[in-house]
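The structure appears right after this line, and notes come after that.
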């Protein structure tokens, strides 16, 4: 037994020895961060476990992995050492390099709280076992370090890993808490030949934790949800699922909002990143939640599993419905087959409400290439105009589909906003994970459209 332990320890040291780390400048850190971060919710990653955070502040564990170097995590009070985080990647990945970034800690009022030693471990086996140490780095105060896993540039770790564990061991002397701003990982996802990563795989159930319990139910690629509290009976959700990720219209007590929901492979954990505005003129707020499956599932309500009913409810209450169930092929105005469920619901709703007139408004998002590749129109591909025209083409495609299914053209209007009206408004730096929510279709009740000008916060 002791020989096996010694061998495992030696193997771990050898693997860690293959990794090299180096200080990087602020400009270089910014350049590295522009790549696709495997740890971001945008790419389906799920934070499974965390050692906690400082009281109820906004400095949550999620801020380590939110694709935004201006936000930070602070450990729980009195837990300055040995803080652990486990992240599950959407797909197994061969890791090429990582960035651990404390650059913006230069303006911290508590420089001794900044993280010093960080260990990186990975497992291809399970979230609780099979970990190998990849690297251990010592950060300068308010510094950043890039970790690469082979001396030859561009090569990867041989093994594809599904789970990463980060251990923030200590700081520069503070005994109460530790701060760290950002951890990012880059590499090559290993996706099976059937590309099952994009097929809906979101398990039903009741999930509680950071927030009150929420109940979710699925039908194909459609996600329904509700709050399990009697005084929150109006908080019915509607979203669209791709792989382990859902984009959702999520009205809660603060008002209507939108959210990214990522679920772990075993269906036991959901991460939520929700964006909302208190008023059209306010900046966007972002809330995170880590919810775990509750057994037995106790809930005072059931999700409304009817797309038509939910759209009608949103239009009546908010005069607007934000829909992620209508989608298009990349760089194209061609509707995907998965859009039919939502489109048919709109047709049914308009037949049942003959006085209803709608403005169909399309917004582009990060999933559209820049420059746009697939659209033959007379403009520069990387211009604002290109995105305006693509969104106009998408809005018109929806209107045409509805008209082809017996909705009178006089009851519909098409409008494209390009990338003009993002979900994130007035932030110091846009969290890149929020960009996934920008691509959306909004239905506006034309009788109320005087107050709704395309902005995310207009309700």
Original post:
In nm, what is the difference between 0.36 nm times the number of residues separating residue 300 and residue 403 and their Cα-Cα distance?
Top reply: 33.1 nm
**OP:** Output the peptides 244-252, 206-214 sorted from most to least packed, where packing is the average of other Cβ atoms within 10 Å over each peptide's residues.
**Re:** 244-252, 206-214
Original post:
Given a Förster distance of 56 angstrom, what is the FRET efficiency for residue 136 paired with residue 199, based on the Cβ-Cβ distance and rounded to 0.05?
Top reply: 0.90
Subject >> For the stretch 30-148: relative contact order, % (alpha-carbon pairs under 8 angstrom, 6 or more apart) >> reply: 22
Original post:
Once the Cα atoms of the stretch 232-342 are picked out, what are the Rg and Dmax in Å?
Top reply: 15.1, 45
**OP:** Please sort 178-190, 136-148 by packing, taking for each peptide the average over its residues of neighbouring beta carbons within 10 angstrom, highest first.
**Re:** 178-190, 136-148
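Which ordering of 169, 132 is given by a fewest-first count of other beta-carbon atoms within 10 Å?
Numbers: 169 16, 132 19.
The order, fewest Cβ neighbours first, is 169, 132.
Read-outs throughout are calculated quantities, based only on the coordinates presented, and are distinct from any laboratory measurement. Computed from a predicted structure; not experimentally measured. Every residue, glycine as well, gets a Cβ built from its backbone with ideal geometry; the counts of neighbours run over all protein chains shown.
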